[in-house]
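Below is one structure, written out as structure tokens, with a few remarks after it.
Throughout, read-outs are computed from the coordinates displayed, never taken from laboratory work. All values derive from a computational prediction rather than experimental measurement. Cβ atoms come from the backbone with ideal geometry, glycine included; neighbour counts cover every protein chain shown.
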Amino acid sequence: GNSVTQMEGPVTLSEEAFLTINCTYTATGYPSLFWYVQYPGEGLQLLLKATKADDKGSNKGFEATYRKETTSFHLEKGSVQVSDSAVYFCALNMDSSYKLIFGSGTRLLVRP
Amino acid sequence: NAGVTQTPKFQVLKTGQSMTLQCAQDMNHNSMYWYRQDPGMGLRLIYYSASEGTTDKGEVPNGYNVSRLNKREFSLRLESAAPSQTSVYFCASSGGTGFNEKLFFGSGTQLSVL
């Protein structure tokens, strides 16, 4: 079946460091891919998306490129801030069904 | 701007007790969802309602029932709680016709079943 695999956390970085959070997927077909972010004590919110191969989603300094050849959608940011500390979830959707499939989440902790 | 409101925020139940989690959204969204979040497993879809008057099963519907009371409200009921249902529950909604991947989530209900 369709699934999403994320790197285990927590990821601990110093402020202004470069961030990569790995995400790979398994899908029968060509899914749309998403990153959601969950700040402490809150629900998830959509961070960025890509709907076809080679698309790059971007928002708030975060980027992710849809790589069909490696079935990956890694999240990157050039310079993280303390306020980026959160849990990041990679997700996929097939054929605009009502079912978003989430990865297990990666906790990011940014130290001043 | 309330968005998606869930009640209660915390709940402790004994095995076999029943309860209903309430969810309301004020964004005039057509679609609503219930997810559970467990450590190491991400979020899993329990039930969803594509539009008022319809409900469908997600990945893990066993032990739950839902009611789409009106366009604003979507409740989740545990008829006979089990320890395996200890989790954090999130309600979400999305707008438009058809699936919209921009889900708006509530802040969650932390449920413990003893």
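The figures follow:
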{"read-out": "Highest-MSF residue in chain A out of A:TYR98, A:TYR39, A:TYR88 [GNM, Cα springs under 10 Å]", "value": "A:TYR98"}
{"read-out": "Low-density loop positions, chymotrypsin sites (Phe, Trp or Tyr not before Pro), segment A:1-69 - DSSP coil, at most 15 other Cβ in 10 Å", "value": "A:PHE18"}
{"read-out": "Residue order, fewest to most surrounding Cβ atoms within 10 angstrom, among A:VAL37, B:VAL60", "value": "B:VAL60, A:VAL37"}
{"read-out": "Fewest-first sequence of B:ARG36, A:ARG111, B:ARG44 by Cβ atoms within 10 Å of each Cβ", "value": "A:ARG111, B:ARG44, B:ARG36"}
{"read-out": "For A:SER79, net neighbour charge (Lys/Arg +1, Asp/Glu -1) across residues whose Cβ lies under 10 Å away", "value": "-2"}
{"read-out": "Kirkwood Rh in Å, taken over all unlike Cα pairs in chain B", "value": "13.9 Å"}
{"read-out": "For chain B, built as a Gaussian network whose Cα springs stay under 10 Å, the top-fluctuating residue of B:THR55, B:THR86, B:THR97", "value": "B:THR97"}
{"read-out": "Between segment B:1-29 and segment A:1-78, the alpha-carbon center distance in angstrom", "value": "29 Å"}
{"read-out": "Local net charge near B:ASN65, Cβ-Cβ under 12 Å (Lys/Arg +1, Asp/Glu -1)", "value": "+2"}
{"read-out": "Candidate aspartates and glutamates for bridging to B:LYS14, where Cα separation is under 16 Å - those fewer than 8 sequence places away on the same chain excluded", "value": "B:GLU79"}
{"read-out": "Proximal charge balance of B:TYR33 [Cβ under 15 Å; K/R count +1, D/E count -1]", "value": "+3"}
{"read-out": "Segment B:47-114, relative contact order in percent, only Cα pairs under 8 angstrom and at least six apart counted", "value": "24 percent"}
{"read-out": "Whole-number percent relative contact order across chain A, with pairs defined as alpha carbons under 8 Å at least 6 apart", "value": "36 percent"}
{"read-out": "Given A:LYS99/B:LYS102; A:LYS60/A:LYS99; A:LYS49/B:LYS102; A:LYS60/B:LYS102; A:LYS56/B:LYS57, the pairs whose alpha carbons are separated by over 21 Å", "value": "A:LYS60/A:LYS99; A:LYS56/B:LYS57"}
{"read-out": "GNM top mover of B:GLU79, B:GLU52, B:GLU101 - chain B, alpha-carbon springs below 10 Å", "value": "B:GLU101"}
{"read-out": "Label point distance in nm, B:LYS9-B:THR86, each placed 7 Å from Cα along Cα→Cβ", "value": "2.2 nm"}
{"read-out": "Residue exposure sequence - A:ASP55, A:ASP95, A:ASP84 - by fewest surrounding Cβ within 10 Å", "value": "A:ASP95, A:ASP55, A:ASP84"}
{"read-out": "Chain B - percent relative contact order, Cα under 8 Å, separation 6 or more", "value": "36 percent"}
